[in-house]
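**Student:** This is the structure, below, for whatever I ask next.
Where a number appears in this text, it was derived from the coordinates with a stated rule and is not lab data. Everything numeric in this text was worked out from a predicted model, so none of it was measured. All Cβ positions, glycine included, derive from the backbone under ideal geometry; neighbour counts span all protein chains shown.
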Amino acid sequence: MKILVVDDFSTMRRIIKNLLRDLGFNNTSEADDGSSALPVLQNGNFDFLITDWNMPGMQGIDLLKAVRADPKLAKLPVLMVTAESKREQIIEAAQAGVNGYIVKPFTAATLKEKIEKIFERVQASA
Amino acid sequence: MESGKPSIAACKHQLRELLQDMDNGSEQDAERLLESFVKSHEASMFNEIGRITRDLHDTLASFQMDSQMVDLAEKGIPDAKERLNYVITLTEQAANKVLSAVEESLPVSEALETHALKLDQSWKRFRQREMTVEDFRAMASEIDDFLGSTTQNASLLHANLSDMLLAQGFQDLTGQVIRRVITMVQEVEDSLVDLIRMTRKTTDFRPEIQQGNGSLSAPAGPKVPGVNTADHVSNQDDVDALLSSLGF
C-alpha cells in the first residue's frame, strides 16, 4: 500500500505519516502542494492519496479535480484532511469525487475509521 | 509661461489702454485688446475649474480610502485580535495536552525501570543457583505481575505518545490563522501608505479597494470562534452527517 500525503505544513505531514505507520502503512511519500503532488502521483503507482485543502500553489480541491480528470489516476481513493469546514466546501469536495473528508483537528481513531471505510468501499466495488 | 490669473495691475493697465484706444477712435485696436482681455480671464477660469475637478477627484478617492480604513478598523482589527486569541488558546491546549501526557507517562516509565531492575537481580541469583525454592516462587509471581503490567503500561505509553503526536497539529492550524493576520496587517500597511500618499497630494494613487477573502471557493482557513463560525460544520460528526446526506 503506497500512500501520498500532501500538506504544506511539514508538522502535519509528519503527524499523518506517524499515524499511518501506527495503522501498519509504512510506504508513504510526501508533497507540499498540489502542483508538486500531481507529477509524483502520475509517476508513482500510488494506492491512496491524503491531501490538505488550503495550500499555497495548487489547492487540494484542484488536485482532487486533476486526479479525477486524469484517466490513469481517476480511480485513486482520495481522503481530504483539512481545516476547511464550510458546508459549501464539503459539498464541493463531495461533488468533485472525494472518498472521505476529515476536519482538523482530528483524532487517530477518526483517521483509522475513515481509511478503513474507504478501503471497504473500494474492495466492495472492485 | 504664466498661465495664472492676470494681476490687478495688469488688468488696470489693459483697461486703461482699452479706454485710450477707444478715445483715440482706433476701433480695431480696441477690439483686439478687448478680445485678449476676455481670453486671459477665460484661461484663468479654465485653470480654476481644472483645480476644482482635481480636488473633487482627490476628495472622492480619499472617501474610498476612508471607507477602506473604517472597514479595517471596524472589522479587520477585531477579527485579527480574535484570531490571535485563538492562536493562544490552541497553543495552550496543545501544551497542556503534551504536559499531561508526559506527566502521566514519566511515572510509568520509572516504574517499568524499577520493576525490571529488581527482576534482573532476582534472575541473576537464579542463574547463579543462589535461589531458594520460596524465592523462586516469589520471582515467578513477580514475573507474572511484570508481564501483565508491562502490557498495560506499554499501551498507556503508546496512547500518550499518540496524543503528543496529534497535539502537534496546532502548528498547522495556528500557522494558517497567523498567515491570515499577516495578510491583514499587510492591508493596513498598504492603506496607511496610500493615505500618506494622498495627504501629500501626489497624483499616483490607486483608488481601487482591495478585495477581501470573499471569493466563494477560496479557502476560509480554520474556523475561529467569534470570527467565521457561520456556515461552518462544528465537528467531524457534522461532516459525516452532511456527507451521508449527499449519499456517502
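**Student:** Please identify the DSSP H helices in chain B that span no less than 20 Å along the helix axis (Cα) and have a mean Kyte-Doolittle hydropathy of -1.0 or more.
**Tutor:** Within chain B the helices that satisfy the rule are B:8-23, B:27-71, B:77-127, B:133-167, B:170-199.
**Student:** Kindly provide the pair-distance distribution of the protein assembly as shown built from C-alpha pairs, with 20 Å bins from 0 and whole-percent values in order of increasing distance.
**Tutor:** Here the calculated profile for the protein assembly as shown is 20, 33, 21, 13, 9, 3, 1, 0.
**Student:** Scattering from the C-alpha atoms of chain A alone, worked out with Debye: what is log10 I(q)/I(0) at q = 0.10, 0.23 1/Å?
**Tutor:** Log-scaled intensity ratios, in q order: -0.26, -1.69.
**Student:** When DSSP beta bridges are limited to those with both residues in the protein assembly as shown, what percentage is antiparallel, rounded to the nearest 5?
**Tutor:** Bridges in the protein assembly as shown are about 5 percent antiparallel.
**Student:** At 20 °C and a viscosity of 1.002 mPa s, what translational diffusion coefficient does Stokes-Einstein give for the range A:84-124, taking Rh as the Kirkwood radius over Cα pairs? Give it in µm²/s as a whole number.
**Tutor:** After rounding, the answer is 192 µm²/s.
**Student:** What per residue convex hull volume, in Å³, do the alpha-carbon atoms of chain B yield?
**Tutor:** Dividing the Cα hull volume of chain B by its residue count gives 238 Å³.
**Student:** Tell me the Kirkwood radius of the range B:1-145: reciprocal of the mean inverse pair distance over distinct alpha-carbon atoms, in Å.
**Tutor:** 26.1
**Student:** Shifting gears a bit: Do the sum for the protein assembly as shown: with -39,500 (n - 2.57) for every DSSP H run of n ≥ 4, divided by all residues, what is the mean residue ellipticity at 222 nm, to the nearest 500 deg cm²/dmol?
**Tutor:** That comes out to -23000 deg cm²/dmol.
**Student:** Within 12 Å, Cβ to Cβ, of residue B:126, how many net charges do the neighbouring residues add up to if Lys/Arg are +1 and Asp/Glu are -1?
**Tutor:** Every neighbour counted, the sum reads +1.
**Student:** Which entries of A:17/B:81; A:65/B:75; A:117/B:81; A:2/B:223; A:65/A:117 have Cα-Cα distances beyond 29 Å here?
**Tutor:** Table pairs above 29 Å Cα-Cα are A:17/B:81; A:65/B:75; A:117/B:81; A:2/B:223.
**Student:** Averaged over its residues, how many other protein chain Cβ atoms are within 10 Å of peptide B:167-176's Cβ atoms?
**Tutor:** Averaged over the peptide's residues, the number is 6.
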